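Remarks on the structure that follows.
The values are calculated or read from the model by the stated rules, or taken from the named source; none is laboratory data. Bear in mind the structure is a predicted one, so any value in this text is a computation, not a measurement. No Cβ is skipped: glycine too gets one built from the backbone with ideal geometry, and neighbour counts run over all protein chains shown. Remember, those area values only see protein heavy atoms, side chains included, never the ligands or the DNA or RNA. Shrake-Rupley method; radii C 1.70, N 1.55, O 1.52, S 1.80 Å.
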Amino acid sequence: MSILLCYDGSPGAKHAISVAHETLGHMPATLLHVWNPPVEFLAAAPFGTASGEGEPSIAELERLSVERAQEVAQEGHELARELGPAVDTRIERNDSSVWQTILGVAAETDAELIVIGTHGATAVQSLLLGSVSNALVHHSNRPVLVVPTEAR
């Protein structure tokens, strides 16, 4: 059995890794960090695009986004390794929606279980804003373990 650990650097994601280890023990896993390209954020920027003098280019922003994604994934990898399982780590660019990207990787890796933490959104926030874990539960043909945020 292999599992797909969804990791975004949040406290909920860190807790989900811990719970997965406590519940499932030492199982092979793929730790996945999905990153968003900067293009969607540039549309809302006051300057419209990153083409003005002194402003970073889209290529530079993309490079910085990939570097940050690698840092987040490495942090998750180190956390997961401390807990024991053999972990492969990968980052994926989000070109559709995060939940669809996760399902694509789950299919590609033939994951038997997807593990994801929550961000502590209330039911109303989740309903109004949507949620990656909610979408995974409703669209996945694989089991999904949704780990609630740790009680404070």
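At a glance:
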{"quantity": "Segment 1-33, residues that are open to solvent by 20 Å² or more (accessible area, probe 1.4 Å), in a loop (DSSP other than H, G, I, E, B) and closer than 14 Å to E75 by Cα", "calculated": "D8, G9"}
{"quantity": "Single residue of segment 77-95 satisfying the filter (out of contact with any Phe, Trp or Tyr (no Cβ under 9 Å at 6 or more places or on another chain) and in a loop (DSSP other than H, G, I, E, B)) that is nearest to V105 (Cα to Cα)", "calculated": "D95"}
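To keep it simple, each residue is scored yes or no on (1) open to solvent by 30 Å² or more (accessible area, probe 1.4 Å); (2) modelled with pLDDT under 95; (3) under 18 Å from L24 (Cα atoms).
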| residue | (1), (2), (3) |
| --- | --- |
| A80 | no, yes, yes |
| E92 | yes, no, no |
| V105 | no, no, no |
| V146 | yes, yes, yes |
